[in-house]
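Where a number appears in this text, it was derived from the coordinates with a stated rule and is not lab data. Small disclaimer: the values here were computed from a predicted structure and weren't measured. Cβ sites come from the backbone with ideal geometry, for glycine too, and all protein chains shown count toward neighbours.
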Amino acid sequence: MNSLAENLVKLYGETIGKALLLKIRSFIGVRENRTVHRKLNERDLFFITYADTFQEPETVPLKSLANFLSSRMKGLITGVHILPFFPYSSDRGYSVIDFYKVKAELGNWEDIGEISRDYTLMADLVLNHVSTQHLWFKKFLEGDPKYSDFFVWYTKDNLPPSDLLIKVARPRATPLLTRFNTSKGERYVWTTYSVESSTDQVDLNYHNPEVLFEVIKIMVFLLGRGVSVIRLDAIPYIWKKLGTDCYLRPEVHTIVKILKAVLKMVKPDAYLVAQASVPFEKNTAFFGKNGDEADLVYNFPLAPLILYSFFKEDPSALIKWAKELVFPKDNVGFLNTLGTHDGLGLNGARGSFDEIKIAELVDHLKGRGVLVAEKSKEGKKVPYELDTTWWSVLDDGDRESKFLSSIALMLSFKGVPLFYYGLLFGLENDIALYKKTGVKRDVNRGNVNLKKLFEDPKRRLIFDSVKKLIERRKTISAFSPSANQSILEVHPKVFAFERGSDGEKVACFYNFSNGEVVFQCRGKEMKIEPYGFLWTVNFD
């Protein structure tokens, strides 16, 4: 029995599992494509953007994005993650109404295809939920028996006791069950997520094999539309079992294994990315064994640890974490980032540095006006996310030096760099948009006018500086994701490491203090300006 069959049987039992296997094989048919991954190297870099981030007069947003990529990013990046471009009802795309359509205001599938011809295209498969406006949920509300078990629901008479509901781990503090009126009466539907206090995202029920089959069909469709990287969104919460925390259940990994097996059958050179804002050890578990789960996972601790090191002018916590970090094998790896459309996650840093340090950092940033999102944990609210751009979260003193040094660190640390669009320009928090929508994350999600952006001397200067860093990285083979990394201990204020295997090596030094540091390394005197950095190739 192959791995796909084994995992389907493991999830649903022999009879249902084997029947679903036949259904999947019948759907995808015989595939002759036997291409395999191109090994990622130092030239690879992903760019994250919304379809409508870059605005031009009388131009469809996806065409504006294509124009920006060809005129400004050609040769700099190899991959583009276009955040959900489907019709949606909220959450800037993550409350999906129809996975088979491009939102008309953004463009069409031909526009998506044009971008995919020049770049490795990443797209989201939102696993946990759909919009209340999705056809499946509309049919559920209408009482269609086919969709009765597509969602997790209860009647008023059989609501679970509160002591069971309070155990459920969630990234939101809103009520877990939301009341809806259906043709068959009131139904209380499981809603893990919300946008601030508004709930229009209803959880899918993976206990129903038809739900998994429909999700597989969506993934296969996306792969056929030019997508080469499938990002599994919000995976920790997809399997519900009352009496547990419904968080990272073993069945979650089984489902990821199933999706990976199907992906490889359909498009062997495609990649699977797991998005799980969870403590780092649990996050890396999504690599699975021998690459049977995700190819890439997010290195979430890196950004908060850099931020804390700047705050304390002390990289010791960062050094300790980096020393203990176990890197995966060559066929899988980390995505290094300084924030995404979801801001700066704190949950992924838990376990990498202690709660006292996290609380200290959060208190400091709250004092500076940084927005902090909270989640529900055993009935209590705990901080899980900083809603801010990277530029705005850095303290005022020597901000530009800190900004460029931290980007250099992200580019040089073992893994594949992932640039959210605001990082290219040092965009500031969009407070006006936040005040308009009331959604904290929107401070980091504003659209930009391309012409005005490049007419702004400050943003243009930052873009040119970041561009030079990227161009330099691409010339240093020791920055390949497969190249080794070892920590160097040189000075209490300096985070240092060496990259490279056989052949070229590069030593990287980052000063986290507001003063110049002078130190000896391998018999050479080194000097770094406040919050500065050095990349030294073949340093012996």
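Pairs 39/101; 312/366; 18/282; 139/217: which exceed 25 Å Cα-Cα?
39/101; 18/282
Using a simple charge model, +1 on the beta-carbon of Lys and Arg, -1 on the beta-carbon of Asp and Glu, nothing else, what dipole does the range 485-537 show about its Cα centre, in debye to the nearest 20?
The calculated dipole for the range 485-537 is roughly 40 debye.
Any idea what the dipole of the chain comes to, in debye rounded to 20, about its Cα centre with Lys/Arg Cβ at +1 and Asp/Glu Cβ at -1?
Roughly 700 debye for the chain.
Tell me which aspartates and glutamates have Cα within less than 16 Å of residue 440's Cα, excluding those fewer than 8 residues away on the same chain?
Here the aspartates and glutamates satisfying the reach criterion relative to residue 440 are 91, 196, 342, 374, 385, 387, 428, 430.
Name the lysines eligible as straight-distance cross-link partners of residue 458: C-alpha to C-alpha under 21 Å, and not fewer than 8 places from it in the same chain.
List returned: 402, 467, 468.
Using packing as a proxy for protection, rank 78-88, 211-221, 467-477 so that the peptide with the highest average count of other Cβ atoms within 10 Å comes first.
Highest-to-lowest ranking by the protection proxy: 78-88, 211-221, 467-477.
Which chymotrypsin sites (Phe, Trp or Tyr not before Pro) from the range 412-445 combine a DSSP loop assignment with at most 14 other Cβ atoms within 10 Å?
When the chymotrypsin sites (Phe, Trp or Tyr not before Pro) of the range 412-445 are filtered for loop state and at most 14 Cβ neighbours within 10 Å, nothing remains.
Please report the relative contact order for the range 485-537, taking Cα pairs under 8 Å with a sequence separation of at least 6, and give it as a percent rounded to a whole number.
30
Give the cross-link partners of residue 505 among the lysines, using a straight C-alpha distance below 17 Å as the criterion and excluding same-chain residues fewer than 8 apart.
Excluding near neighbours in sequence, the set is 414, 474, 524.
Please identify every one of the trypsin sites (Lys or Arg not before Pro) in the range 246-292 that sits in a loop by DSSP and has no more than 10 other beta carbons within 10 Å of its own beta carbon.
Answer by residue number: 289.
Can you find, among 66, 520, 397, the residue sitting farthest towards the positive end of the charge dipole of the chain, where Lys and Arg contribute +1 and Asp and Glu -1 at Cβ?
Sorting the options by dipole projection puts first 66.
Rounded to the nearest 5, what % of the DSSP beta bridges within the chain are antiparallel ones?
Just about 60 percent of them are antiparallel.
Below 8 Å, C-alpha to C-alpha, sequence gap of six or more: please give me the relative contact order for the range 84-137 in percent.
37
What is the distance in Å between the Cα centroid of the range 45-75 and that of the range 206-272?
Rounded to whole Å, the Cα centres lie 29 Å apart.
At a threshold of 8 angstrom on Cα-Cα distance, excluding pairs fewer than six apart, so keeping six or more, what relative contact order does the chain reach in percent?
Relative contact order for the chain comes out at 14 percent.
Peptides 106-113, 354-361: what's the order by average Cβ count within 10 Å, highest mean first?
Result, highest mean first: 106-113, 354-361.
For the range 465-540 and the range 315-330, what is the separation of their Cα centres, given in Å?
Answer, in whole Å: 16.
Arranged from highest to lowest average of other beta-carbon atoms within 10 Å per residue, in what order do the peptides 198-204, 8-14 appear?
Descending mean neighbour count gives 198-204, 8-14.
Which value, to two decimals, describes the C-alpha radius of gyration of the range 1-149 once divided by 2.2 N^0.38 Å?
That ratio works out to 1.32.
Projecting each Cα onto the charge dipole of the chain (Lys/Arg +1, Asp/Glu -1 at the beta carbon, about the Cα centre), which of 500, 426, 322 comes out farthest on the positive side?
After comparing all options, I get 500.
So what's Rg/Rh here for the chain, counting alpha carbon atoms and using the Kirkwood radius for Rh?
My calculation puts Rg/Rh at 0.96.
What do you get for trypsin sites (Lys or Arg not before Pro) in the range 124-153 restricted to DSSP loop and a cutoff of at most 16 other Cβ within 10 Å of the site's Cβ?
none
How big is the convex hull of the Cα atoms of the range 485-537, per residue, in Å³?
67
Among 259, 40, 115, whose Cα projects farthest towards the positive end of the dipole of the chain, with charges put on the beta-carbon of Lys, Arg (+1) and Asp, Glu (-1)?
Working it through, the farthest residue towards the positive pole turns out to be 259.
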